[in-house]
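The values are calculated or read from the model by the stated rules, or taken from the named source; none is laboratory data. Here the structure is a predicted model, which means the values were calculated and not measured. Cβ coordinates were reconstructed from backbone atoms using ideal geometry, including for glycine residues, and neighbour counts include every protein chain displayed. For the accessible areas, the whole protein counts, side chains as well, though only heavy atoms, and no ligand, DNA or RNA atoms are used. Shrake-Rupley method; radii C 1.70, N 1.55, O 1.52, S 1.80 Å.
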Amino acid sequence: MSTVLPSQRDAGHPPAVPATMRAAVLHGPGDIRVDERPVPRPGPGEVLVQVAVCGACGTDLKIYDGHFPLTPPFGEFTPGHEWAGTVAATGPGVTEFAPGDRVCIEAHHGCGRCDNCLTGAYTCCLNYADAAKGHRASGLTADGGFAEYALHHVSALYRLPDGLTFDDAVLIATAGTGLFGLDVAGGFIAGQDVVVYGPGPIGLMTVQVCKQLAARQVILVGTRESRLAIGADLGADHVINSRDTDAVSAILDLTGGEGADLVIESAGSPGVPQQAVETVRRGGKILVVAFYPGDVTLDLSAVVRKGVQIHTSRGEGGNNVKRAVEMAAQGRLRCGELVTHRYPLEDIAEALRVVRERDGDPLKVVIEPEPR
Ligand SMILES: [Zn+2]
Ligand SMILES: [Zn+2]
C-alpha cells in the first residue's frame, strides 16, 4: 500500500507508555521480523519517543543485507535512523523536553569524551558504537526507529516547530546532512556555481540549501528524469540527464569552461567521482557525502594538478539539523512532499523491497508504526 496523504500522526499529545511494543528486529541478512519487545526506559540524559514516522534509505539496505559495519548482533537489533515522533517519557536530568513535545532527530550522539567529540566532530566519534562509553547512533549502532518507541540522547533531539509535519522532520534530517557537508567543506561564497550529482533525497535537499545560500547556479545531474524534474521544481537552475547528455561538457559549457566552484557528490555511483574531478574548477572543492558499492577509481593526479580540495562528511553532525529545522520553519525548504510511499510497521520488508527495486519510482519511503 502507498499513498501520498500527509501523516495523520501530527496531532501531538502525550501517549501512555505500555510495557511492550512492536519492533522490527533484524534476525539475519534479509530477515527482518516484527517482534514484541519491552519498551526501553530512559536513563539519565535519555528521552523515550513514540515514533510517528521513520524513513528508509540505501543505508538501511546495507544494514538489512548484513553489510554495514558495527551494527549490533542479529536477533537483537532494530534499525531505522530517520525517525521523528512525540516525546513519551524523559530520563533523569532531562529538562529540555516534556511528554507531548514533537521532535525530530539526528542519528548520532557522540560519546562526549573523546578528542573528536571534544572538538565537535561527533559523527566521527573515536568511541563509535561503544555504548558503554556513551556513543549512540540510532538505527546504526543502537536500536532505532522501526519500532513503536525509540530511545535517544537528549543531545540528538530537536523540537519540531508548529506547522512542520513528521514527514517534514524526516527530510529535515536529510537537509542536515547537506548542511553538515557544506560546513565541513567550508561552504561556498554567494554567487558561486555548485554542481550536485545525485537527485536522491540528500541531493534534492542539498539543491534547496544551496539555492537558499545564494549559489549563482545549482546544476543537478542524475539519470532519472522524474527525479530531475523534481529537482528543477525545487530550484535547480539546470538539470542534466547523464544518460543522454555528456554531463562533463554540459557543466563546462554552463560555467564558462572553468567548472564549478563546488561539486557535491551524493550519487554513490562508482563513475561519478571522476566526473566530479572533471567538472570542478581549478582551486575548487569536491564534497563527497555518498557511500559506494565498492572501490572507486579517479584521477588523483588531476586533483593535485588542479589544486582541488576533496572533503567528506558523514551524517548530519555539527548541530546542522538545528539549522535545517530553522530553514524549514522559515519556509525555505520543501521537505515532507518528498515522501512518496508509506507503510505500516508490519510491511517493513515490503518497504525495503520497494527502496531496493525502486518499484513505483519512490523518492522517500517511510514506515509509520501506528500505535495499538
Ligand atoms: Zn538514511
Ligand atoms: Zn566521542
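Remarks
- Of all positions in the stretch 324-343, none carries a residue that is open to solvent by 20 Å² or more (accessible area, probe 1.4 Å) and in contact with a Phe, Trp or Tyr (Cβ under 8 Å, 6 or more places away or on another chain).
Each row is one residue, and each column tells you yes or no for (1) open to solvent by less than 20 Å² (accessible area, probe 1.4 Å); (2) assigned to a loop (DSSP other than H, G, I, E, B); (3) within 14 Å of ligand 1 (Cβ to nearest atom).
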| residue | (1), (2), (3) |
| --- | --- |
| Leu171 | yes, no, yes |
| Thr174 | yes, no, yes |
| Thr177 | yes, no, yes |
| Leu182 | yes, no, no |
| Phe188 | no, yes, no |
| Val196 | yes, no, no |
| Met205 | yes, no, yes |
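- If only residues of the stretch 53-103 that are among the polar types (S, T, N, Q) and surrounded by 16 or more Cβ atoms within 10 Å (Cβ to Cβ) are counted, the one that is farthest from the chain's Cα centre (by Cα) is Thr90.
- Residue selection: Gly331 fails the criterion of being in contact (Cβ under 8 Å) with a residue 24 or more places away in the chain, in a loop (DSSP other than H, G, I, E, B) and small (Gly, Ala, Ser).
- Among the residues of the stretch 121-133, those identified as in contact (Cβ under 8 Å) with a residue 24 or more places away in the chain and open to solvent by 10 Å² or more (accessible area, probe 1.4 Å) are Ala121, Tyr122, Cys124, Tyr128, Ala129.
- Selection from the stretch 180-192 of residues that are touching a Gly at 6+ places or on another chain (Cβ under 8 Å) and of a type in the set (A, V, I, L, M): Val184
- Check on Lys62, more than 14 Å from ligand 2 (Cβ to nearest atom) and of a type in the set (Lys, Arg): yes
- Residues located in the stretch 82-133, provided they are of a type outside the set (D, E, K, R), within 16 Å of ligand 1 (Cβ to nearest atom) and part of a loop (DSSP other than H, G, I, E, B): Ala107
- Odd one out for Leu118, checked against (1) more than 10 Å from ligand 2 (Cβ to nearest atom); (2) open to solvent by 10 Å² or more (accessible area, probe 1.4 Å): (1)
- Take the conditions (1) in contact (Cβ under 8 Å) with a residue 40 or more places away in the chain; (2) open to solvent by 40 Å² or more (accessible area, probe 1.4 Å); Leu262 misses just one of them, which is (2).
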